[in-house]
Amino acid sequence: MMEFFPEIPKIQFEGKESTNPLAFKFYDPNEVIDGKPLKDHLKFSVAFWHTFVNEGRDPFGDPTAERPWNRFSDPMDKAFARVDALFEFCEKLNIEYFCFHDRDIAPEGKTLRETNKILDKVVERIKERMKDSNVKLLWGTANLFSHPRYMHGAATTCSADVFAYAAAQVKKALEITKELGGEGYVFWGGREGYETLLNTDLGLELENLARFLRMAVEYAKKIGFTGQFLIEPKPKEPTKHQYDFDVATAYAFLKNHGLDEYFKFNIEANHATLAGHTFQHELRMARILGKLGSIDANQGDLLLGWDTDQFPTNIYDTTLAMYEVIKAGGFTKGGLNFDAKVRRASYKVEDLFIGHIAGMDTFALGFKIAYKLAKDGVFDKFIEEKYRSFKEGIGKEIVEGKTDFEKLEEYIIDKEDIELPSGKQEYLESLLNSYIVKTIAELR
């Protein structure tokens, strides 16, 4: 079988002193922490679309990426080559999972029937490669946003024919996700939103979106798909307003339509910042709702107002992200999927490896710092003390629902002094910094 990355060795852990760009500094996949290997805590995944489909094109310039599978002119030969490259890539990086959209892995035909036949051939190639590999599917999804038919949306389109097409496409995507043993299935509403309310039946679109998701739930039950359904919030881009704006908005929608028991969230860092939140905020919101499912690991450029999908290198952010994952009990059917692409000028094949290594090291280090923070309970202890007034006296009565406005007025009306604890934000932020520095210093 053709080797696509002959110049790239199998990536090894060399430790924090290493200067080798093709080596891990902080990620040792077999390092045991809290009873299991680091690789099982993090469950890294390669995003097929950015790694094997993205070619460095942007709105102002042509493709720049040098990719070995581009030597194949026939669409099917290229599709098979990308699959083979995926397995070689994952095995050299010691990554055990990948994610894909249906249209990433196979080209479209003239009809959906023809497209499905093409897709089946590529899925068969993936299954064959899986037999001799430990690479698995984290989650699958359908691309319901790229083709011109989806210009008005998919589940929220104004065309019943397009709605039907999207439903049939998701049906097939669910089938192949199940066939490949996927642990989850993601719904990203790429064009489920609007540009202007002047031409939008907002009520109908929201009801149709709920109908669409309900049909997906029913079909998954019918075929025995037991993977986790995930909603991936994003506030805007490509539409001005998307219906899955953030975790809170999407949860309210699911709750309103009786769908909340079937879905968790796939949180993306760059989407969080586009919604005006921090990455940690969206993860915390999902965690306290019991809906933290999986993560699309990337970061954005805060000076740019769009989804730049950069590889994550911010240790502060990954520490706080992994803190939320640890507090949630870790991943079950989710993981850390690198929904990230190398910069347009990083066009060499080697850069694909370097980008993933940087992201894996950053999240591994973030996990180790977060594990110490969680184990020591430094934030938990402070928060417990800050809200101590709700553990006793009138505060306890408030929490237990044993009081009302009249009783609260009677309690407070003649009280001259009210005690308030200090928030000590600066102390806590400096404490976080000290844990980061201390953990790095202690690493072998």
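The values are calculated or read from the model by the stated rules, or taken from the named source; none is laboratory data. Just so it is clear, the model here is predicted, and its values are computed rather than measured. Here the Cβ positions follow ideal geometry from the backbone for every residue, glycine too, while neighbour counts run over all protein chains shown. Protein only, heavy atoms only, side chains kept; ligands, DNA and RNA dropped before computing areas. Shrake-Rupley method; radii C 1.70, N 1.55, O 1.52, S 1.80 Å.
Solvent-accessible surface of region 334-439, averaged per residue with a 1.4 angstrom probe and all protein chains in place: 62 square angstrom.
Split the accessible area of the chain by element, probe 1.4 Å, and carbon with sulfur accounts for 53%. Checked against a 29 Å cut-off, the cross-linked pairs LYS221/LYS375; LYS25/LYS333; LYS43/LYS341; LYS43/LYS127; LYS78/LYS348 give Cα-Cα distances beyond that limit for LYS221/LYS375.
Working ranking of peptides 159-171, 130-142 by packing, defined as the average number of other Cβ atoms within 10 Å per residue, highest first, is 130-142, 159-171. Accessible surface computed residue by residue for region 63-116, with neighbouring protein chains in place and a 1.4 Å probe, gives 39 Å² per residue. Per the Debye formula on identical point scatterers at the alpha carbon atoms of the chain, with no solvent, log10 I(q)/I(0) at q = 0.11, 0.13 Å⁻¹ is -0.91, -1.23. The order of the peptides 313-319, 269-275, 13-19 by mean Cβ neighbours within 10 Å, most packed first, is 269-275, 313-319, 13-19.
On C-alpha positions alone, give me the angle between the axis of helix 279-288 and the longest principal axis of the chain, in degrees, nearest 10. Orientation of helix 279-288: about 70 degrees from the principal axis. Of the peptides 231-238, 21-28, the order by per-residue mean of other Cβ atoms within 10 Å, starting with the highest, comes out as 231-238, 21-28.
Region 277-325 and region 389-418 have Cα centres lying 37 Å from one another. Among beta bridges from DSSP that stay inside the chain, the antiparallel ones total about 20%. Taking the C-alpha atoms only, the angle from helix 112-131 to the longest principal axis of the chain is near 80 degrees. Helix 160-179 axis versus longest C-alpha principal axis of the chain: approximately 90°, rounded to the nearest ten. Within the straight-line cut-off of under 25 Å between alpha carbons, the lysines reachable from LYS396 are LYS327, LYS381, LYS386, LYS407, LYS415, LYS424, sequence neighbours fewer than 8 places apart in one chain being disregarded. When the helices of the chain are scored as -39500 (n - 2.57) per DSSP H run of n ≥ 4 and the total is divided over every residue, the value at 222 nm lands at -14500 deg cm²/dmol.
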